[in-house]
Amino acid sequence: MTAEVEERLERLAQLIAGSPHNLVGPRDRDVVRPRHIDEALAIARVFTFRSGQRWLDLGTGGGLPGLALALTHPEVEWVLLDATRKKVEEVDRFIVELGLQNAATRWGRAEDLARRDGERGVYDGVVSRAVGSLPVVMELARGFLREGGYLVAIKGPAVAEEMRAARAAAKPLHFQAITSRPVPDPERSTVLVTMRAHGAPPARFPRRVGEPAATPLGG
Ligand code: SAH
């Protein structure tokens with residue numbers, strides 16, 4: 001990583017830590033760079049992005065993992081989505097402060113946005129951290145993905161318990177090739193779960209706002 005990129009990641013950490021909107025827990029303000037941003041960048045350690053791709057960060061909150069990946073992968077277009085307006089406004093401010101040309105935001109619920117022209121079935125990939133259990137994230141993500149698109153979810157070790165439901169949810173959602181791999185890291189036990197979309201998004205997903213989380217697929 002170049003010194004310039006490293007500096008901008010440090011600046012991102014300061015922006016997130018300094019925000020009045022509690023984008024990380026109060027005890028985490030000093031560890032945004034080594035903990036949260038590093039975890040976001042773990043995706044790029046196991047996954048190769050291709051130039052010109054368009055990726056969505058679903059439930060970006062204060063901008064993670066999307067902004068960290070936008071800084072390290074300028075060849076990819078990043079769209080950062082969140083349901084909370086204040087968070088999206090903060091992320092907009094960070095994009096301007098960092099001078100990012102390859103990042104944009106959307107404010108709204110994934111359930112609504114995934115039905116819109118220009119958003120449905122057009123993304124090469126979706127990344128997501130700390131938004132919900134795997135079946136919930138899978139349903140919220142699927143509408144955005146084109147044939148062959150990837151979902152990459154950052155999870156902790158407890159994800160093992162969600163894998164059975166995720167495999168069951170994969171059938172109606174038309175996902176395949178689910179894999180989970182621990183990221184080698186002495187500090188944390190991060191697990192990345194990846195899968196691929198096959199075919200266009202099935203018409204009945206996502207269900208109405210709130211339903212994916214209230215009655216998750218996969219039992
Ligand atoms: N990814 C960030 C934030 C996690 S908090 C991080 O790792 O730090 C979860 C975020 O997901 C919240 O900001 C919440 O507003 C958003 N979210 C939850 N459900 C959503 C939905 N259905 N559509 C859009 N955003 C959603």
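Mind checking which residues of the stretch 91-130 are of a type outside the set (A, V, I, L, M), open to solvent by less than 10 Å² (accessible area, probe 1.4 Å) and within 14 Å of the chain's Cα centre (by Cα)? Write out each step before concluding.
Step one: of the stretch 91-130, the residues of a type outside the set (A, V, I, L, M) are 92-94, 97, 99, 101-102, 105-109, 111-112, 115-121, 123-125, 128-129.
Of the ones still in play, those that are also open to solvent by less than 10 Å² (accessible area, probe 1.4 Å) are 94, 123, 125, 128.
Once the filter is applied, which keeps residues that are of a type outside the set (A, V, I, L, M), open to solvent by less than 10 Å² (accessible area, probe 1.4 Å) and within 14 Å of the chain's Cα centre (by Cα), the stretch 91-130 yields 123, 125, 128.
Give the stretch 195-206 a look and list any residue that's open to solvent by less than 10 Å² (accessible area, probe 1.4 Å) and more than 20 Å from residue 116 (Cα to Cα), or say none.
Passing the criteria: only 195.
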* To do: Determine the pairs where a residue that is over 13 Å from residue 138 (Cα atoms), located within the stretch 195-219, has a partner that is within 16 Å of the ligand (Cβ to nearest atom) and not aliphatic (A, V, I, L, M) with Cβ atoms under 6 Å apart, the partner being 6 or more residues away or on another chain.
  => 209/109; 209/111
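Conditions tested, residue by residue: (1) of a type in the set (A, V, I, L, M, F, W, C); (2) open to solvent by less than 10 Å² (accessible area, probe 1.4 Å); (3) within 12 Å of the ligand (Cβ to nearest atom).
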| site | (1), (2), (3) |
| --- | --- |
| 30 | no, no, no |
| 41 | yes, no, no |
| 44 | yes, no, no |
| 51 | no, no, no |
| 68 | yes, yes, yes |
| 74 | no, no, no |
| 77 | no, no, no |
| 85 | no, no, yes |
| 89 | no, no, no |
* Asked: Looking at residue 110, is it in contact with a helix residue (DSSP H, G or I) (Cβ under 6 Å, 6 or more places away or on another chain), touching a residue at least 24 places away in the same chain (Cβ under 8 Å) and over 18 Å from residue 17 (Cβ atoms)?
  -> yes
* without any contact (Cβ under 8 Å) to a residue 60 or more places away in the chain and part of a helix (DSSP H, G or I): does that describe residue 81? -> no
* Contacts under 7 angstrom Cβ, first residue in the stretch 86-103 being without any contact (Cβ under 8 Å) to a residue 60 or more places away in the chain and within 14 Å of residue 61 (Cα to Cα), partner open to solvent by 90 Å² or more (accessible area, probe 1.4 Å) and part of a strand (DSSP E or B), 6 or more apart -> 88/107
* Just one of the numbered conditions (1) in contact with a strand residue (DSSP E or B) (Cβ under 6 Å, 6 or more places away or on another chain); (2) open to solvent by less than 20 Å² (accessible area, probe 1.4 Å); (3) of a type in the set (S, T, N, Q) is not true of residue 190; which one? -> (1)
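So, of the residues in the stretch 53-66 that are within 16 Å of the ligand (Cβ to nearest atom) and either over 21 Å from residue 86 (Cβ atoms) or of a type in the set (Asp, Glu) (or both), which turns out to be surrounded by the fewest Cβ atoms within 10 Å (Cβ to Cβ)? Steps first, answer last, please.
The first filter runs over the stretch 53-66 and keeps only residues within 16 Å of the ligand (Cβ to nearest atom), leaving 55-66.
Imposing the further condition that a residue be either over 21 Å from residue 86 (Cβ atoms) or of a type in the set (Asp, Glu) (or both) reduces the set to 55, 57.
On the way: 55: 26, 57: 30.
It comes out as 55.
How many residues are outside any helix (DSSP H, G or I) and of a type in the set (Lys, Arg) when one looks only at the stretch 1-56?
Quick first cut of the stretch 1-56, residues outside any helix (DSSP H, G or I) only: 1-2, 19-25, 47-56.
Applying the additional criterion that residues be of a type in the set (Lys, Arg) yields 50, 54.
Of the residues in the stretch 1-56, 2 are outside any helix (DSSP H, G or I) and of a type in the set (Lys, Arg).
Might you let me know whether the stretch 47-64 holds any residue that is closer than 29 Å to residue 160 by Cβ, out of contact with any helix residue (DSSP H, G or I) (no Cβ under 9 Å at 6 or more places or on another chain) and of a type outside the set (A, V, I, L, M, F, W, C)?
yes
The values are calculated or read from the model by the stated rules, or taken from the named source; none is laboratory data. What you see is a predicted model, and the numbers here were worked out from it, not measured in a lab. Backbone-built Cβ (ideal geometry, glycine too); neighbour counts: all protein chains shown. With ligands, DNA and RNA removed, areas are computed over all heavy atoms of the protein, side chains included. Shrake-Rupley method; radii C 1.70, N 1.55, O 1.52, S 1.80 Å.
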